[in-house]
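Notes follow the structure.
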Amino acid sequence: LYGQYMFNQIQSEYEIARYNDESNPNARGWRLGARAINQLKPFVLSTTFEYNHTDPYLYIRETPYTTYSWRRDVLSNAPGDESSLLTLPLGFKYGPDTHSLWFRSQARFPNLATIALEAEWVQQGENRITSPYDEGPDAAASTSPTGTPTTLWQFGLHTDLRPLPFLDTAGGLIYSYQTKSGTADQHSLEWYLSVTLEGGRLLDYLQTPAPSKDTE
């Protein structure tokens, strides 16, 4: 079992009673997860399940410099788009105003291959990490997801194969289905493939003497 908790702002009952102030929205996020690992011959099976929640105003502050975010000025060679400011959340990849469930089952064959199946459901409200900060009774009473939420279903098949000590290949398929009331549904199918050659292991492999044969 594991978990994570973070916050930008907590409006406690004490603050409401002591200062008669109900205008500051709570800004919290938490993750609850469980993982089971079973040693089965000839592979190791692991299964993981996670639930994530972020309040509508987590990451959103009066100024973006006081929140948990990753900010970079990204350069681009595209005409008319020489640079842009990229802001990504730290801790929860979908940012504020979300619920999500994530499942992964993985079979690992030591020193040979890994095969994994993933499924994810995400419901995201209209607030984003770049949304303006707000306060007042309505903001303080808001709950995730706000407005008209976007729902995402995603399923993935991932493989990793090491046919030789110095060669690693990885590939997979990811299907996504996104829906939002009032807009057309979106479907996508992505694939990826990578091949990694590890120079140090290749040299070790080439320098390892071949096993000698018994002679009579």
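Can you work out D for region 115-216 in µm² s⁻¹ from Stokes-Einstein, where Rh is the Kirkwood radius over C-alpha pairs, the temperature is 10 °C and the viscosity is 1.306 mPa s?
Taking Rh from Cα pairs, D becomes 85 µm²/s.
Mean shadow of the chain, computed from the convex hull of its alpha carbons, in nm²?
Values: hull surface 78.6 nm².
Taking a quarter of the hull surface, the average projection is 19.7 nm².
What's the Cα-based Rg to Rh of region 73-174, Rh via Kirkwood?
Ratio of gyration radius to Kirkwood radius: 1.14.
Set the Förster radius R0 to 25 Å, insert the Cβ-Cβ distance between residue 5 and residue 123 as r into 1/(1 + (r/R0)^6), and round the FRET efficiency to 0.05.
After rounding to 0.05, the efficiency reads 0.80.
Taking a label point 7 Å from the Cα of residue 177 along the Cα→Cβ vector, which residues of region 115-129 have an amide N closer than 20 Å to it?
117-125
With runs of 4+ DSSP H residues as the only contributors, calculate the mean residue ellipticity of the chain at 222 nm using -39,500 (n - 2.57) per run, divided by the residue total and rounded to the nearest 500. Show your work: numbers first, answer last.
Numbers: 3 runs with 21 residues, N = 216.
About -2500 deg cm²/dmol.
For a quick check: with amide H placed at 1.01 Å from N, whose amide H comes under 5 Å from residue 9's, ignoring anything fewer than 5 positions away on the same chain?
Answer set, sorted by chain and number: 27.
Per 0.36 nm of contour for each residue apart, how much would the distance between residue 66 and residue 196 grow if the chain were fully extended, relative to their Cα-Cα spacing?
Working: separation 130, 0.36 × 130 = 46.80 nm, distance 3.91 nm.
Extending this stretch completely gives an extra 42.9 nm.
For a quick check, take a GNM of the chain with Cα springs below 10 Å and name the residue from 110, 89, 132 with the largest mean-square fluctuation.
Of 110, 89, 132, the Gaussian network model singles out 110 as fluctuating most.
Kirkwood Rh, Cα Rg: Rg to Rh for region 23-121?
Result for region 23-121 is an Rg/Rh of 1.15.
Given H placed on each backbone N at 1.01 Å, which residues far from residue 69 in sequence or on other chains put an amide H within less than 5 Å of it?
Amide H neighbours of residue 69: 90.
Students sometimes get this wrong: rank 194, 131 by accessible area, probe 1.4 Å, all chains present, largest first.
Sorted by accessible area, descending: 194, 131.
How many percent of all Cα-Cα pairs in region 96-146 sit more than 15 Å apart?
In whole percent, the long-distance tail amounts to 63.
Can you give the FRET efficiency to the nearest 0.05 for residue 184 and residue 85, using r as the Cβ-Cβ distance and R₀ = 30 Å?
Here the calculated transfer efficiency is 0.50.
The values are calculated or read from the model by the stated rules, or taken from the named source; none is laboratory data. Because the structure is predicted, anything quoted here is derived from the model rather than measured. Backbone-built Cβ (ideal geometry, glycine too); neighbour counts: all protein chains shown. Note: accessible area is taken over every heavy atom of the protein model, side chains too, but ligands, DNA and RNA are not part of it. Shrake-Rupley method; radii C 1.70, N 1.55, O 1.52, S 1.80 Å.
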